[in-house]
Amino acid sequence: MNPTSLSTATQSRKADHIRICLEEDVQFHQTTNGLEKYRFTHCCLPELNLDEIDISTTFLGKHLGAPLLISSMTGGTEQAGIINHRLAEVAQHHKIAMGVGSQRVAVEKPQVADTFAVRKYAPDILLFANLGAVQLNYSYGLDECLRIIDILEADALILHLNPLQECIQPRGDKNFKGLLDKISKLCSQLTVPVIAKEVGNGICASMAEKLITAGVKAIDVAGAGGTSWAKVESERAENALQRRLGKTFADWGLPTAECITSIRAIAPDVPLIASGGLRHGLDVAKALALGADIAGLAMPFLQAAALGEAAVHDLAEVLIAEMITVLFCTGNTTLEQLKCSKSLQPIK
């Protein structure tokens, strides 16, 4: 496939992904994020003033007004550019982090780079560039990574890991051999931190340990329980085999809660992002209490951004209010106190 055809195909895939996520049932049905297995101990007399509760934090050296990440979603089309603009404006207002979708299309087709370039709308936020790690086996290297970081003026680079999605995706990139060494080399060459992220099937503790040893500075577990990219790609299938694979593996993966606790047990200090099926501030608070540093949401922000910037503002405000309510009703003033309080317990 020539470069022009490749970029057109990538751009078409981006449009398909937005449409399918907004219009089709592509959520996990059997596997959950695992957070429903935990419950906070209610404090009937918190002895706190709710107005004094502080949910600000620091991640990768940057201050956040709340421990939230607008997870990587999109870019490369006109609609995607509008969505990213709306998300960035809200991220700036609330001082929360944001990632963009895979920027491979911006390398293949530089004229769409502006659909990712949100720094002009969000000068102060923690902002993540994004590329599929597998592209390091398909002629991508330091130069391409520097280019996508420069497009965003990004604070860090996400390398996303998506073997299942590539298995099902029409013309997916399936050569993952030798990637760990290439990730290690890239980590040693870049001046910004590298974040390893799954896309909804989870990162286990042993794999996280290898990635950290390779030089990755943070892990985004992106566990099972939310959007199933096996289902998404099944909706895009060009033949019966791809459709069947998507359905068979629709609920494949490690629950988000399990990923958080297992990685935190072997890497107590690594910056850890919880994502995968988080749908409200109570989920976020549970993920933080289990050991995550910040929490990412994608589908709720995509649905809100499709409606307009006001809907994104409303979503961010309710997520923050839900987190503050958890702290108040568990008798904690800060996120650190919440983590140390042991007020989240497994349901027996």
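Overview of values
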read-out: Number of positions in segment 317-343 that are in contact with a strand residue (DSSP E or B) (Cβ under 7 Å, 6 or more places away or on another chain) and buried (at least 19 other Cβ atoms within 10 Å of the Cβ); value: 5
read-out: Among (1) touching a Ser or Thr at 6+ places or on another chain (Cβ under 8 Å); (2) under 26 Å from ILE149 (Cβ atoms); (3) buried (at least 24 other Cβ atoms within 10 Å of the Cβ); (4) in contact (Cβ under 8 Å) with a residue 60 or more places away in the chain - the single one GLY277 does not satisfy; value: (2)
read-out: Members of segment 158-215 that are of a type in the set (S, T, N, Q) and either surrounded by fewer than 21 Cβ atoms within 10 Å (Cβ to Cβ) or part of a strand (DSSP E or B) (or both); value: ASN175, SER184, SER188, GLN189, THR191, SER206, THR213
read-out: Identity of the residue in segment 232-252, in contact (Cβ under 8 Å) with a residue 24 or more places away in the chain and either aromatic (Phe, Trp, Tyr) or over 22 Å from GLY202 (Cα atoms) (or both), that ends up surrounded by the fewest Cβ atoms within 10 Å (Cβ to Cβ); value: GLU238
read-out: Hits in segment 146-157 (condition: assigned to a loop (DSSP other than H, G, I, E, B), at negative phi and of a type in the set (D, E, K, R)); value: ASP155
read-out: Conditions (1) in contact (Cβ under 8 Å) with a residue 24 or more places away in the chain; (2) over 22 Å from the mean Cα position of the chain (by Cα); (3) surrounded by fewer than 19 Cβ atoms within 10 Å (Cβ to Cβ): number failed by ILE53; value: (3)
read-out: Residues being crowded, with 24+ Cβ neighbours inside 10 Å, within 16 Å of VAL284 (Cα to Cα) and in contact (Cβ under 8 Å) with a residue 60 or more places away in the chain - total across segment 253-273; value: 3
read-out: Given (1) out of contact with any Pro (no Cβ under 6 Å at 6 or more places or on another chain); (2) surrounded by 22 or more Cβ atoms within 10 Å (Cβ to Cβ); (3) assigned to a loop (DSSP other than H, G, I, E, B), number of the condition ASN33 does not satisfy; value: (1)
read-out: Checklist (1) under 20 Å from ALA156 (Cα atoms); (2) part of a loop (DSSP other than H, G, I, E, B) applied to GLU238, failing item; value: (1)
read-out: Helices (runs of 4 or more DSSP H) wholly inside segment 249-348 containing at least 3 residues that are small (Gly, Ala, Ser); value: 256-266, 281-290, 299-307, 309-330
read-out: Breaking point among (1) in a loop (DSSP other than H, G, I, E, B); (2) modelled with pLDDT of 95 or more; (3) within 18 Å of the chain's Cα centre (by Cα), for GLU47; value: (3)
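Every residue, every condition in (1) in contact (Cβ under 8 Å) with a residue 40 or more places away in the chain; (2) among the hydrophobic types (A, V, I, L, M, F, W, C); (3) closer than 22 Å to PHE59 by Cα, yes or no:
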residue: ASP155; (1), (2), (3): yes, no, yes
residue: GLN165; (1), (2), (3): yes, no, no
residue: ILE168; (1), (2), (3): yes, yes, no
residue: PHE176; (1), (2), (3): yes, yes, no
residue: GLY202; (1), (2), (3): yes, no, yes
residue: ALA205; (1), (2), (3): yes, yes, yes
residue: ALA208; (1), (2), (3): yes, yes, yes
residue: ALA214; (1), (2), (3): no, yes, yes
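The values are calculated or read from the model by the stated rules, or taken from the named source; none is laboratory data. Note that the coordinates shown come from a computational prediction; the quantities given were computed from them, not determined experimentally. Glycine also receives a Cβ, built like all others from the backbone with ideal geometry; neighbour counts cover every protein chain displayed.
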